[in-house]
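Undergrad: Here you go, one structure.
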There are 2 protein chains.
Amino acid sequence: MSKKISESAVRRLSLYLRTLEELDRAGHEAVSSEQLAARSATTAAQVRKDLSVFGSFGKRGFGYTVEELGRALRGILGLTQPWRVALIGAGRIGSALFEYTGFARRGFQIVAVFDSDPAKIGRKWGDSIIHDVAKLERVVSDKDIQIAILAVPVEAVQGVMDQASRAGVRGVLNFAPVRLKVPEGVTVKDVNLVIDLESLTFALSQGF
Amino acid sequence: MSKKISESAVRRLSLYLRTLEELDRAGHEAVSSEQLAARSATTAAQVRKDLSVFGSFGKRGFGYTVEELGRALRGILGLTQPWRVALIGAGRIGSALFEYTGFARRGFQIVAVFDSDPAKIGRKWGDSIIHDVAKLERVVSDKDIQIAILAVPVEAVQGVMDQASRAGVRGVLNFAPVRLKVPEGVTVKDVNLVIDLESLTFALSQGF
DNA sequence: CACAGCTTGTGAAAACCTTCACAATACTAG
DNA sequence: CTAGTATTGTGAAGGTTTTCACAAGCTGTG
C-alpha cells in the first residue's frame with residue numbers, strides 16, 4: 001500500500017508524536033518543523049520530508065498545529081484504534097512489561113497473560129488471570145487479539161510463535177534472542193538488549 | 001578508530017557473533033558467508049562487506065573458522081574485557097534486567113545497583129546492596145564503572161545522567177523516553193518499546 | 001602437479017536516505 | 001491592499017548503504 005518508507009523514518013514519526021504530546025501538555029498550539037526537529041534530535045528538512053510522504057499537514061509561514069499534526073500522526077501510525085495485546089510469559093520481563101503504564105497510555109491494552117508454569121497459572125495479575133499457554137490459541141481467537149509480546153525463554157519461543165500465528169496474531173514483539181520463522185503477513189520486531197549493549201561497547205572501544 | 005561503519009552494520013556484527021556462538025555449540029568448525037547470512041537474516045555479500053571493513057578473516061574456497069571469527073568479532077565489538085555496569089533504578093525494569101542472565105554471559109557485570117526509594121536502599125539483591133542514588137558519584141568512581149543502565153522515571157533521568165557522567169561513565173543504556181543531554185565523549189543508546197510497538201502498528205495498518 | 005569446485009574480498013553499480021535550496025504561500029502590520 | 005517576514009513542500013544534489021559480479025586464491029582429487 002502507498003509509498004515506501006524506511007523503518008527509521010517510521011521510528012522518527014513515533015518520536016515526533018511523543019514530542020507533540022509533550023508540546024501539547026506544555027500548552028503549545030503551534031510548532032514549526034525547526035522546533036519539532038530540535039526537540040526530536042533531527043533536522044527541519046528531515047521532519048518535512050518525513051511528513052511529506054503522507055500528505056501536507058502544515059501551513060506555510062505558520063508551521064503545524066500541534067493538535068492537528070498529532071491526530072494525523074496517530075492516524076499514520078495506526079493508533080486511532082486501541083490494540084489488543086497478549087503478553088506471553090509471566091516471568092521477570094513479562095512482569096515488568098505488565099506493570100509498565102506507557103503501553104496503556106498509547107492504546108496498547110494487555111488483555112491476556114500466559115505462562116506455562118503451573119505455579120503461576122490461575123494467579124491474578126491486576127484484573128487478569130494468568131492463562132495456561134496451552135490455551136493460547138483459544139483465548140487469542142476469542143479475545144480477538146492482534147499483537148503478541150513474547151517474553152518466554154528462547155527454547156520455547158518458536159513454538160509459542162507458531163501457536164500465536166495460527167490463532168491470528170499479526171504483529172509480534174519478540175524478546176527472545178532468535179530469529180523467528182513466521183508465515184507471510186506476520187510482522188516481527190525484535191528487542192535485544194545485548195545487541196544494544198554491544199553496539200555501545202563498540203563505540204566505547206573505538207574511542208581509543 | 002579507523003573506518004566509518006554504520007550503526008546497523010555494528011548491530012549485524014553482534015548478530016553474527018551470536019550466530020557463531022550457536023554454531024560453535026552445535027559443533028561446527030567452519031562456516032561460509034552464505035551460511036552465516038542465512039542464519040543471521042541477511043545476505044552473503046553483506047556479511048563479507050561488513051567484515052571487510054575490519055580485515056580479512058576468511059579463507060577463499062573454505063569460509064571462516066567459527067572459533068577464529070568469533071574471537072575477531074569479540075575484539076571488534078570490544079568484548080575481550082569484561083565491562084563494569086551500574087544499574088540505576090531498582091523498580092520493575094531494573095529488577096528484570098538484574099535477573100537477566102544474558103548480560104553476564106557476554107561479560108557485562110552489574111557491579112552496583114542504585115535507587116532513591118528509602119524502602120529499597122540497603123536491601124540486598126543477590127550479592128549486591130542497593131545503594132542510595134545520592135552516593136552514585138562516589139560508588140561509580142570507586143568501582144571504576146564504565147557503563148550505566150538508566151531505569152529510572154523520566155523526571156529523574158537527566159539528573160542521574162549528569163551525576164553518572166561526572167563520575168566517569170562513558171556509555172549509557174537509557175530506558176526513559178527522553179533524549180538525554182550528555183557531554184562530549186559519552187555515548188547513549190535509547191531503548192523505547194513504545195516506538196517498537198508503534199513501528200509494528202504502522203506495519204499492520206499498512207496491510208489494508 | 002594440474003584441474004575442478006568453492007568461497008572470499010572488493011571495486012563498481014544500484015538503491016536508498018538525507019540535506020539543500022528555493023518557489024509557493026500564509027500571516028501580520030500598516 | 002501592499003510589503004515584509006516566516007515557514008512549508010519538494011525537486012535536485014549529495015551522501016551512505018546494499019547489492020552485484022568477478023578476479024584471486026584455497027582445497028581436494030586423480
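Undergrad: Of the conditions (1) within 16 Å of DNA strand D (Cβ to nearest atom); (2) of a type outside the set (Val, Ile, Thr); (3) in contact with a Leu (Cβ under 8 Å, 6 or more places away or on another chain), residue B:94 clears all except one; give me its number.
TA: (1)
Undergrad: For the stretch A:31-50, enumerate the residues that are within 11 Å of DNA strand C (Cβ to nearest atom) and under 24 Å from residue A:105 (Cβ atoms).
TA: A:41, A:42, A:47, A:50
Undergrad: OK, next. Any chance you could count how many residues in the stretch B:77-121 are within 7 Å of chain A (Cβ to nearest Cβ), over 25 Å from residue B:21 (Cα atoms) and either buried (at least 22 other Cβ atoms within 10 Å of the Cβ) or hydroxyl-bearing (Ser, Thr, Tyr) (or both)?
TA: Within the stretch B:77-121, residues that are within 7 Å of chain A (Cβ to nearest Cβ), over 25 Å from residue B:21 (Cα atoms) and either buried (at least 22 other Cβ atoms within 10 Å of the Cβ) or hydroxyl-bearing (Ser, Thr, Tyr) (or both) number 2.
Undergrad: Which condition from (1) within 13 Å of another protein chain (Cβ to nearest Cβ); (2) surrounded by fewer than 17 Cβ atoms within 10 Å (Cβ to Cβ); (3) β-branched (Val, Ile, Thr) is the one that residue A:43 breaks?
TA: That leaves (1) as the condition not met.
Undergrad: Okay, moving on. Name the pairs whose Cβ atoms lie under 8 Å apart, with the first residue in the stretch A:4-19 and closer than 14 Å to residue A:78 by Cα, the second of a type in the set (S, T, N, Q) and more than 7 Å from DNA strand C (Cβ to nearest atom), and 6 or more positions between them or separate chains?
TA: Pairs that qualify, where the first residue is closer than 14 Å to residue A:78 by Cα and the partner is of a type in the set (S, T, N, Q) and more than 7 Å from DNA strand C (Cβ to nearest atom), are A:10/B:199; A:11/B:199; A:14/B:199.
Undergrad: Exactly one of (1) at the interface with chain B (Cβ under 7 Å from one of its Cβ atoms); (2) touching a helix residue (DSSP H, G or I) at 6+ places or on another chain (Cβ under 9 Å); (3) of a type in the set (A, V, I, L, M) is unmet by residue A:186. Its number?
TA: The number of the failed condition is (1).
Undergrad: Let me ask another. Do any helices (runs of 4 or more DSSP H) entirely within the stretch A:1-69 hold 2 or more residues that are closer than 21 Å to residue B:197 by Cβ, within 14 Å of DNA strand D (Cβ to nearest atom) and charged (D, E, K, R), and if so, which?
TA: Working: elements: A:7-25, A:33-40, A:44-52.
Counting at least 2 such residues, we get A:7-25.
Undergrad: Of all residues in the stretch A:52-64, count the ones that are under 25 Å from the mean Cα position of the chain (by Cα) and either within 11 Å of DNA strand C (Cβ to nearest atom) or not assigned by TED's automatic domain parsing to the domain that holds residue A:20 (or both).
TA: Summing the residues that are under 25 Å from the mean Cα position of the chain (by Cα) and either within 11 Å of DNA strand C (Cβ to nearest atom) or not assigned by TED's automatic domain parsing to the domain that holds residue A:20 (or both) in the stretch A:52-64 gives 2.
Undergrad: Then there is this: Could you please give the count of residues in the stretch B:165-178 that are facing another protein chain (nearest Cβ under 10 Å) and surrounded by fewer than 18 Cβ atoms within 10 Å (Cβ to Cβ)?
TA: 2
Undergrad: Also: Residue check: is residue B:148 in contact with a helix residue (DSSP H, G or I) (Cβ under 6 Å, 6 or more places away or on another chain) and small (Gly, Ala, Ser)?
TA: Criteria met by residue B:148.
Undergrad: Filter the stretch A:9-56 down to the residues that are small (Gly, Ala, Ser) and either on the phi > 0 side of the Ramachandran plot or touching a helix residue (DSSP H, G or I) at 6+ places or on another chain (Cβ under 6 Å) (or both) and list them by number.
TA: At the first step, the residues of the stretch A:9-56 found to be small (Gly, Ala, Ser) are A:9, A:14, A:26-27, A:30, A:32-33, A:37-38, A:40-41, A:44-45, A:52, A:55-56.
Result: A:9, A:14, A:27, A:33, A:37, A:40, A:41, A:44, A:55.
Per-residue answers, yes or no, for (1) surrounded by 17 or more Cβ atoms within 10 Å (Cβ to Cβ); (2) over 28 Å from residue B:17 (Cβ atoms):
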{"site": "A:134", "(1), (2)": "no, yes"}
{"site": "A:163", "(1), (2)": "yes, yes"}
{"site": "A:180", "(1), (2)": "yes, no"}
{"site": "A:185", "(1), (2)": "no, yes"}
{"site": "A:191", "(1), (2)": "yes, no"}
{"site": "A:204", "(1), (2)": "yes, no"}
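Undergrad: Any idea which of A:74, A:25 is of a type in the set (Lys, Arg) and within 11 Å of chain B (Cβ to nearest Cβ)?
TA: Details: A:25 fails: within 11 Å of chain B (Cβ to nearest Cβ).
Answer to the selection: A:74.
Undergrad: If you scan the stretch B:166-198, which residues turn out to be in a loop (DSSP other than H, G, I, E, B) and more than 24 Å from residue B:144 (Cβ to Cβ)? Give the steps one after another, and end with the answer.
TA: Of the stretch B:166-198, the ones in a loop (DSSP other than H, G, I, E, B) are B:167-170, B:175-186, B:191-192.
Correct list: B:176, B:177, B:178, B:179, B:181, B:191, B:192.
Conditions (1) of a type outside the set (A, V, I, L, M); (2) within 21 Å of the chain's Cα centre (by Cα), marked per residue:
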residue: B:5; (1), (2): no, yes
residue: B:13; (1), (2): no, yes
residue: B:21; (1), (2): yes, yes
residue: B:25; (1), (2): yes, no
residue: B:34; (1), (2): yes, no
residue: B:40; (1), (2): yes, yes
residue: B:44; (1), (2): no, no
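The values are calculated or read from the model by the stated rules, or taken from the named source; none is laboratory data. Since the model is a prediction, treat every value here as computed from it, not as a measurement. Please note: Cβ atoms are built from the backbone with ideal geometry, for glycine as well, and neighbour counts cover all protein chains shown.
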